[in-house]
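The values are calculated or read from the model by the stated rules, or taken from the named source; none is laboratory data. All of these numbers come straight from a predicted model, not from anything done at the bench. Quick reminder, even Gly has a Cβ in these numbers, built from the backbone with ideal geometry, and neighbours come from all protein chains shown.
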């Protein structure tokens, strides 16, 4: 075999190898119909490899014996990679791509541990909080589509947003779904509860070692988060609610003028049925931040439960001047400010 033919065979093998690698790449990223065509191209390339190997053998070109072995190895290994390896790679990349897809434009802060941020924000921006809670409802429609990939993605996002609304949606899926989505939703609920429990245990240990005010407040908020999620039964919720109250009381002995802590403590007292104590702390929270709408909203609720309707109307009159209020609160405020007679 002359030297020019040897060089031509070398180049041919290298060119075919490049095409084989390109075919592998296209196979992974191609659509279903194109994948069949690329499989055929792959088999053709393997046949060319084999013919080139036989050509070199027939010429008995001794100095190219190693090259012959390489050509044979390529023709033997590539089919395995092409038929099995590329399929595995394709399935892996498809799954990774599906996990990375974004189906909704949502607040990233909300998607990552939103519940913890909710407690810290409760004295800052009620409107943003309500908006984020409303965004969760969009997932209800997604979980009725019977599209497995969309449902998995929605459950994955809900499991990262530690809110009562997310738990409610996942519970509905567990109760009503007849597909494998039920298992995913149940697993997500367990994961959400585990996150809170892990955080509580970590903070407990920190408070035991170094009971500083910041850690005590975080532990109180963690207990409150656990109650807020709605995964507990009535007895357990009451237990953790009492633990939260104890930690808030301990913190307020350290910093009695903490606006957010007074608001959060007053809210838990109100939800525990301790209305008079709640009014006391909510008044203090309002005095510390007179323009904040959150203490006004919670204090109005506390006055309503204590049947102090005059003060309810006074607070609603003040809230009526707020430009942006959640829709449900705006309706209540409008009702109280437009009625001629106060409820007796």
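Checking residue 338 against (1) buried (at least 21 other Cβ atoms within 10 Å of the Cβ); (2) free of Cβ contacts under 8 Å to residues at least 12 places away in the same chain, which single condition isn't satisfied?
Single failed check for residue 338: (1).
Here is a check on your reading of the model: is residue 260 surrounded by 14 or more Cβ atoms within 10 Å (Cβ to Cβ), under 27 Å from residue 332 (Cβ atoms) and outside the structural domain of residue 215 (by TED's automatic domain parsing)?
It is true that residue 260 is surrounded by 14 or more Cβ atoms within 10 Å (Cβ to Cβ), under 27 Å from residue 332 (Cβ atoms) and outside the structural domain of residue 215 (by TED's automatic domain parsing).
Are any residues in the stretch 190-217 buried (at least 21 other Cβ atoms within 10 Å of the Cβ) and within 23 Å of the chain's Cα centre (by Cα), and if so, which ones?
Selection gives 192, 196.
Of everything in the stretch 278-296 that's within 21 Å of residue 323 (Cα to Cα) and in contact with a helix residue (DSSP H, G or I) (Cβ under 6 Å, 6 or more places away or on another chain), which residue is surrounded by the most Cβ atoms within 10 Å (Cβ to Cβ)?
Here the answer is 295.
With in the same structural domain as residue 171 (by TED's automatic domain parsing) and either more than 31 Å from the chain's Cα centre (by Cα) or at pLDDT 90 or above (or both) as the only criterion, which of 302, 320, 244 stands out?
244
Among the residues of the stretch 273-332, count how many are assigned to a loop (DSSP other than H, G, I, E, B) and more than 22 Å from residue 261 (Cα to Cα).
Qualifying residue count, the stretch 273-332: 10.
Can you say whether residue 221 is in contact (Cβ under 8 Å) with a residue 12 or more places away in the chain, outside any loop (DSSP other than H, G, I, E, B) and either within 31 Å of the chain's Cα centre (by Cα) or surrounded by 18 or more Cβ atoms within 10 Å (Cβ to Cβ) (or both), as far as the supplied structure shows?
Yes: the conditions hold for residue 221.
Please verify whether residue 201 is more than 20 Å from residue 250 (Cβ to Cβ) and in a helix (DSSP H, G or I), treating the condition exactly as stated.
No; evaluated as a whole, the condition is false for this residue.
For residue 263, are the conditions met, namely being closer than 30 Å to residue 316 by Cα and in contact (Cβ under 8 Å) with a residue 40 or more places away in the chain?
yes
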